[in-house]
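A short worksheet on the structure shown next.
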Amino acid sequence: MLNVFRVLSPFFKTMNVSAPIMRSCLSGLFCLLLVAEGFAAVPSEATASAKGEYRLTDPDLKLVTVDSDPQVSFLGLAVDGMGRLFAGSREALFVYEPAAGGLYQPRRELFRFPKDAWVYDIAIRGHDLYVATTTALYLLRDGVVKREGLTAERLMWGWPVFHVHQGLHGMTFGPDGDLYLSLGDELVYYGDYRRRPDHFGHWPIYHGPDNAPTPYTGEGGVLRLSPDGRKLSVIANGTRNDCGLAFDEQWNLFGNDNDHEGMPNDYVPGRLLHITPHSYFNWPRGWMIEKQPWRSDLLDTMSADLGRYVPIGMAYYGDAFLGEKYRHALLVPEWGSRKIAYYPLQAAGDSFKTKEQIVLTGDGDARPVSVAVGRGGRLFAVVCFMVHNEGSPMYRSDLVMITRVNDTAAAPFTAFDEVAASSWQLFTELRNPNWSNRFRAHLELTRRGDASPELANLDPKSPTASHLIWLAASNSATRGEVQKLAGHADAEIRAEAVSALARFGVTGASGFFTTALKDSDPRVRQAGLAGLQDQTNELPFDAVVTAAGEDFSHIRQAADFLLAQRTTVAQLRTLCTSPELPRRRAGVVAIGFRLSLPPWDQPLDSTTSLDASKKDAYRITYAGGGEEVLTERAKMGNFTASEAWASRNKTTDDLALLDLLRERLTDTDASLTKQAALYLRLLGDAQTESQVNALLGFPAPPEKAKPIANATTTGLMELPEAYAKLDWVKEAASGDPKKGQELFNTRGCTVCHGIKDGDAGGGAPSLAGAGSRFSAQYIVESVITPNKVVAPLFRWTLAKLQNGDIVTGLITSETGAEVEFLLPAGVRRTVKKADIVSRELQDRSPMPEGLIQNPAELRDLVAFLLGQKTATQTGTPGAK
């Protein structure tokens, strides 16, 4: 292209064209050439997208388009101190270099991963890029500055991948310089959700240059990995699908969690998570305390009214650029509700409370999927265009910058090269009022490992305080100075100091952390429990029991875990028979944890049988390493607490603890009887089954359903002409919603779909709030051609049986012995696993065709569904 400029410049001169016009023409030609060669478009300002598909809610802000592409499918984002913007996609990793006097140069591909890898998140440390794909964490050394010959080192891997929505997602560096990562629940319907919702997966996670294995047992969780990959720890467990992680300015860790649309009565509302050390979020045995207020093992919800918001990504905003109202807030792109929300954080005891505020909202198919902070406090986001939930889609996506309305086209900022800066410059940067600057400087200091900050005159109001405490705690030479801060007058300083020492250790740890349990501030007490867990083998019994009786849920749960792990049977008997309700409650939860929750990062009991029948989930293709069959490396698979308990060689202590739970079924406190019953149900205790059912209720066996009339499964992919030629927006406007409701009830739709909040659902996607979630055309295609696009969670399985039968349907529950299928005709069939010869997940929908007989009926049904709208639960656009 430079040759074009050399050729045409003399031509313009001979035509006597002025220099400004010549530059303008050449610039325009250059842009055309870029577009012709597939480069990014020139950034442009807009207050909304080109077609008005999404817009900002704040008139003081504006959108600037950085890039748009019909097929690249952008996802993960990261920005460094020099303003370089890194973007992941379905398979590739790109970089946008800042343009001199402008915004960004055209994108450049850095690396291409295997098909359907999906770059969910990117983290920057020094000149290295850490790239989280669904299947693995990769390290691209010098990827920040190197542009050719990059290789991807597999730094952490080994979990099965049932589908790309549930793998490795969120990622951020922490105050200790380690990498924190979120992993989704890969079990997918394993367990008996109707009677005993509970399941676990077990597999080794390989990490570091030597591929050292660390056992992992749980559902989705949060991991901590050293930058070299050698040390791996499990920080939290019991999430379904945390798709984002972020630390705030006091190094509190936050995440978010996705819903399960096929079980709307129990699991649909999304969650924001305050992730403390060893927190357990109870998926799938419990979702929100608001749904089961009698439980004392659940963690309080930061916001109870989020609805189906389907978060994908998270960032913390602590900068000044966008305005004060955005400071100290979590930013969450919400795919399902088509918005980017911000959540101002308000401390509440040992955790936080927040309310949703909206910064960007989309229409139709416009769905935000990621957000990052950079370039002086501006926001970068990706808006994808998807009609519905697909397994591995190829979608149009826009990469945009959110900035002040009065910002200039060049978006000026002060670049800071952390890697080239001196230690003195980095410590000076820790005084920057903007969190994004301080975060990067802090990370660089941890990378160098030579920080020895002075704490004698620490100013608790200075933004530097939290950084200095953590940096000092990481250095054994200055750790004693941090220990002194545990007696500081400012509670924030005390909490920060005890948290840092809980991570790195302290002289006289048992006494130090026991003393912290007596602090007046709940954040200090919570940090003290983390320190006892991680830095000692001690159990100050009375102090921990007192903590287990608190109203603050993070403290209470952490204390219950300590009691579960370290008490004797005699101590637990004392608790369970105490006249004081808080002590009895602590005893019951501790026993429940001990008997029904396996250790998260230890070898599994050898008697536990593991189900690995979803064979495709264990066959993974990695960058640079070809295909791995994980089950050939180690024993792994799924199980439930009841299955593990049934096969366990029970000790005298096990049986004594089981008896203590049984005794609490007649406790004088109704909530405590239910708490004991919950654990007995999870263990499958036959002796108390009738009592447990009476206390908790028991779902009646489903009535023998009549097959849905006219149900067919031809695999029709395109609308018949009678339907395709109609304008369904106009048709729906003239439809009769009352007749549509009658059709919904009489044609079998209610067998599988819930239609309002509180409906239990039958395993298919909830249709609550359908009018806020789906277009008329989408509903038409879903009803008439349900196989055109099928969401990953709702694809049918074809199973071949020993007697030659073939069963096709949606698997709605599975145990080690049986599989339950929801058949296209709306009936359920349970098949013994021993009778299954093979099974295959297919890109077909269990939803039948033929339920609607003509366009007139469909007109009424669409009118009814479009009338189902709710203010708060805008819904997950699941597919058929």
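Need the failing condition index for Ala477 against (1) closer than 29 Å to Leu379 by Cα; (2) open to solvent by 20 Å² or more (accessible area, probe 1.4 Å); (3) among the small types (Gly, Ala, Ser), just the number.
Checking Ala477 against (1) closer than 29 Å to Leu379 by Cα; (2) open to solvent by 20 Å² or more (accessible area, probe 1.4 Å); (3) among the small types (Gly, Ala, Ser), the one that fails is (1).
Name the single residue that is farthest from the chain's Cα centre (by Cα) among those in region 628-639 being in a helix (DSSP H, G or I) and in contact (Cβ under 8 Å) with a residue 12 or more places away in the chain. Break it down stepwise before answering.
Initial filter on region 628-639 (in a helix (DSSP H, G or I)): 630-632.
Next, from what is left, pick out any that are in contact (Cβ under 8 Å) with a residue 12 or more places away in the chain: 630-631.
Details: Leu630: 24, Thr631: 26 Å.
Looking at residues that are in a helix (DSSP H, G or I) and in contact (Cβ under 8 Å) with a residue 12 or more places away in the chain, I get Thr631.
If I go through region 213-248 residue by residue, how many of them are of a type in the set (Gly, Ala, Ser), in contact with a Phe, Trp or Tyr (Cβ under 7 Å, 6 or more places away or on another chain) and farther than 30 Å from Leu683 by Cα?
Here the count works out to 1.
Quick check on Ala570: is it more than 32 Å from the chain's Cα centre (by Cα), part of a helix (DSSP H, G or I) and free of Cβ contacts under 8 Å to residues at least 12 places away in the same chain?
On the way: more than 32 Å from the chain's Cα centre (by Cα): yes; part of a helix (DSSP H, G or I): yes; free of Cβ contacts under 8 Å to residues at least 12 places away in the same chain: yes.
Spelling it out, Ala570 is indeed more than 32 Å from the chain's Cα centre (by Cα), part of a helix (DSSP H, G or I) and free of Cβ contacts under 8 Å to residues at least 12 places away in the same chain.
Could you check Asp534 against (1) over 30 Å from Gly201 (Cα atoms); (2) open to solvent by 60 Å² or more (accessible area, probe 1.4 Å); (3) of a type outside the set (Ser, Thr, Tyr) and say which number it fails?
(1)
Being in a helix (DSSP H, G or I), surrounded by fewer than 13 Cβ atoms within 10 Å (Cβ to Cβ) and free of Cβ contacts under 8 Å to residues at least 40 places away in the same chain narrows it down to one residue among Leu655, Leu665; which is it?
Values: Leu665 fails: surrounded by fewer than 13 Cβ atoms within 10 Å (Cβ to Cβ).
Answer to the check: Leu655.
Specify which of the listed residues (Leu604, Leu672, Leu682) is at negative phi and in contact with a His (Cβ under 6 Å, 6 or more places away or on another chain). Before you say what the answer is, go through the steps one by one.
Values: Leu672 fails: in contact with a His (Cβ under 6 Å, 6 or more places away or on another chain); Leu682 fails: in contact with a His (Cβ under 6 Å, 6 or more places away or on another chain).
One residue alone meets the criteria, Leu604.
Being within 24 Å of His169 (Cα to Cα) and either open to solvent by 50 Å² or more (accessible area, probe 1.4 Å) or modelled with pLDDT under 95 (or both), is that true of even one residue in region 371-382? Before the answer, list the steps.
Going residue by residue through region 371-382, those that are within 24 Å of His169 (Cα to Cα) are 371-375, 377-382.
Narrowing further to those that are either open to solvent by 50 Å² or more (accessible area, probe 1.4 Å) or modelled with pLDDT under 95 (or both): none.
Within region 371-382, not a single residue is within 24 Å of His169 (Cα to Cα) and either open to solvent by 50 Å² or more (accessible area, probe 1.4 Å) or modelled with pLDDT under 95 (or both).
Output the residues belonging to region 546-563 that are open to solvent by 10 Å² or more (accessible area, probe 1.4 Å), of a type outside the set (Lys, Arg) and not in a loop (DSSP other than H, G, I, E, B).
Selection gives Thr546, Ala558, Phe561.
Just checking, which of Thr797, Thr830 is within 32 Å of the chain's Cα centre (by Cα), farther than 21 Å from Ala722 by Cα and surrounded by fewer than 17 Cβ atoms within 10 Å (Cβ to Cβ)? Let's see the steps before the verdict.
Working: Thr797 fails: surrounded by fewer than 17 Cβ atoms within 10 Å (Cβ to Cβ).
Matching residue, one of Thr797, Thr830: Thr830.
Within region 825-849, take every residue that is of a type in the set (D, E, K, R) and assigned to a strand (DSSP E or B) and give me the one that is nearest to Ser392 (Cα to Cα).
Filtering region 825-849 for residues of a type in the set (D, E, K, R) gives 828-829, 832-833, 835, 839-840, 843-844, 849.
Next, only the ones that are assigned to a strand (DSSP E or B) stay: 828-829, 832, 839-840, 849.
Details: Arg828: 29, Arg829: 30, Lys832: 31, Arg839: 22, Glu840: 18, Glu849: 24 Å.
Taking the candidates together, the pick is Glu840.
So, Val131, is that one out of contact with any helix residue (DSSP H, G or I) (no Cβ under 9 Å at 6 or more places or on another chain), free of Cβ contacts under 8 Å to residues at least 60 places away in the same chain, surrounded by fewer than 24 Cβ atoms within 10 Å (Cβ to Cβ) and aliphatic (A, V, I, L, M) or not?
Numbers: out of contact with any helix residue (DSSP H, G or I) (no Cβ under 9 Å at 6 or more places or on another chain): yes; free of Cβ contacts under 8 Å to residues at least 60 places away in the same chain: yes; surrounded by fewer than 24 Cβ atoms within 10 Å (Cβ to Cβ): no; aliphatic (A, V, I, L, M): yes.
In short, no.
Just for region 601-627: of the residues that are touching a residue at least 60 places away in the same chain (Cβ under 8 Å) and outside any loop (DSSP other than H, G, I, E, B), which one is most open to solvent (accessible area, probe 1.4 Å)?
This residue is Asp616.
Starting from residues that are of a type in the set (Ser, Thr, Tyr) and either more than 24 Å from the chain's Cα centre (by Cα) or part of a loop (DSSP other than H, G, I, E, B) (or both), keep the ones in region 125-148 and report whichever is farthest from Phe439 (Cα to Cα). Lay out the reasoning, then the answer.
Going through region 125-148, the residues of a type in the set (Ser, Thr, Tyr) turn out to be 130, 133-135, 138.
Still in the list and also either more than 24 Å from the chain's Cα centre (by Cα) or part of a loop (DSSP other than H, G, I, E, B) (or both): 134-135.
Details: Thr134: 26, Thr135: 28 Å.
That would be Thr135.
Only one of Leu443, Leu430 is of a type outside the set (Gly, Ala, Ser), out of contact with any strand residue (DSSP E or B) (no Cβ under 8 Å at 6 or more places or on another chain), at negative phi and open to solvent by less than 40 Å² (accessible area, probe 1.4 Å). Can you tell me which? It would help to see each step written out before you state the result.
Details: Leu443 fails: out of contact with any strand residue (DSSP E or B) (no Cβ under 8 Å at 6 or more places or on another chain).
Unique residue meeting the criteria: Leu430.
The values are calculated or read from the model by the stated rules, or taken from the named source; none is laboratory data. Source: prediction; values computed, not measured. In this analysis, Cβ positions are derived from the backbone assuming ideal geometry, glycine residues included, and neighbour counts consider all displayed protein chains. Just the protein is used for accessible areas: all its heavy atoms, side chains included, with ligands, DNA and RNA removed. Shrake-Rupley method; radii C 1.70, N 1.55, O 1.52, S 1.80 Å.
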